[in-house]
1. Quote the relative contact order of the range 119-180 in percent (integer), defining contacts as alpha-carbon pairs under 8 Å separated by 6+ residues.
2. Can you send over the carbon and sulfur percentage of the accessible area for the range 1-58, probe radius 1.4 Å, protein chains only?
3. Heavy-atom accessible area of Glu294 with all protein chains present, probe 1.4 Å, nearest 10 Å²?
4. Quick one: of the DSSP bridges fully inside the chain, what percent are antiparallel, nearest 5?
5. Just how large is the dipole of the range 157-299 about the Cα centre, in debye to the nearest 20, putting +1 at every Lys and Arg Cβ and -1 at every Asp and Glu Cβ?
6. Mind jotting down the three principal axis lengths of the range 127-282 based on Cα atoms? Whole angstrom, largest first.
7. How large is the charge dipole for the chain, taken about the Cα centre, if only the Cβ atoms of Lys, Arg (+1) and Asp, Glu (-1) carry charge, to the nearest 20 debye?
8. Quick one: Karplus J couplings for the range 11-24, per residue in order, coefficients 6.51, -1.76, 1.60, θ = phi - 60°, nearest Hz, x for Gly and Pro?
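The values are calculated or read from the model by the stated rules, or taken from the named source; none is laboratory data. Everything quoted here is computed from the prediction, not taken from an experiment. Cβ sites come from the backbone with ideal geometry, for glycine too, and all protein chains shown count toward neighbours. We work out accessible area using only protein heavy atoms, side chains counted, and drop any ligands, DNA or RNA first. Shrake-Rupley method; radii C 1.70, N 1.55, O 1.52, S 1.80 Å.
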Amino acid sequence: MLGTTITDILPYGSRISGLNISNSDVDININYVSKSPPKTVLKSFAKKLRQSRVFIKVIALIHAKIPIIKCTHQNTGIDCDLSFNNVSAVHNSHLLNHILSMDYRIKPVLMKLKEWAINIGLICTNGFSSYSFYWLGLFIMQIMGLVPSIHDLQKSVPEVLVCQWNCAFSKNPQECITNKQETLNESDILNFFYKYYSNFDFDKFVISPYTGCTLLKKYFENVEQLPDKLWRYKQFYKENKECQKLLFLGTCQFKMYTQDPFQHNVNITARVTPKMFDKFINACKELNCKTLTEIKKTT
């Protein structure tokens with residue numbers, strides 16, 4: 001397209017994070033600069049892909065929250081998702097990949113949680129994304145001391161700003177040492193996941209992987225009550241408080257709030273409907289009760 005320049009093409013998603021399975025999509029981010037509106041650029045890219053005949057089933061989802069082009073590589077049959085100027089997603093994928101290297105239990109736990117969520121229908125368009133479910137699992141491991149907070153991973157490294165959000169993180173293994181709790185196995189972590197969310201007060205609290213702890217939801221209504229480490233969000237709030245849909249509490253019409261580790265105004269569980277939320281809680285309660293019953297049998 002005339003007036004459009006591609007500046008970078010970078011893979012992201014599960015194949016970069018290391019949480020892919022054999023039939024996972026290939027996710028590609030295309031950075032570009034253009035004088036044309038984003039929707040026009042997206043349609044132009046989709047047209048070029050169709051004309052190339054390298055890709056089939058080319059669909060431009062221009063009205064999605066994050067507009068993408070879905071397509072299939074003709075020779076291999078691999079499904080691809082192309083996003084545009086979605087730089088934070090690239091950083092998120094590399095962060096997940098780094099976290100997997102911190103402890104041998106992290107990847108199998110996340111993969112088992114994802115498989116469970118898919119099997120019972122929690123990961124879907126009106127429910128959880130794989131990404132949001134990973135962070136529910138990682139937050140549990142932050143509480144258990146297996147994974148550091150994202151704030152701690154950012155303290156000693158220069159900023160990498162995407163818009164106004166810091167997407168940097170330390171890759172120094174010495175800064176990843178937490179309470180390893182070597183006696184805990186994968187089943188122990190999974191059981192704690194089911195127990196924790198069975199009893200979590202979602203009406204009152206926000207899940208914050210950045211801080212590694214829960215935050216009172218009411219603090220986001222009076223941001224001065226938020227901890228100092230969330231100074232970026234405080235600043236963002238002051239600059240955008242007239243535009244409710246940009247604020248953390250304004251991104252969701254339901255009750256489940258999980259803060260993105262980098263973009264603190266984004267709720268990564270915003271699309272989870274009440275029906276899916278109840279399904280998640282009930283599934284956690286069912287497995288927690290099953291675990292308690294098995295423990296009683298062995299004592």
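1. Answer for the range 119-180 is 28 percent.
2. The computed percentage sits at 58.
3. My reading of the accessible area for Glu294 is about 100 Å².
4. 80
5. Dipole of the range 157-299, to the nearest 20 debye: 400 debye.
6. Here the Cα extents, ordered largest to smallest, are 49, 42, 26 Å.
7. About 900 debye.
8. x, 8, x, 5, 6, 8, 5, x, 9, 7, 10, 4, 9, 5
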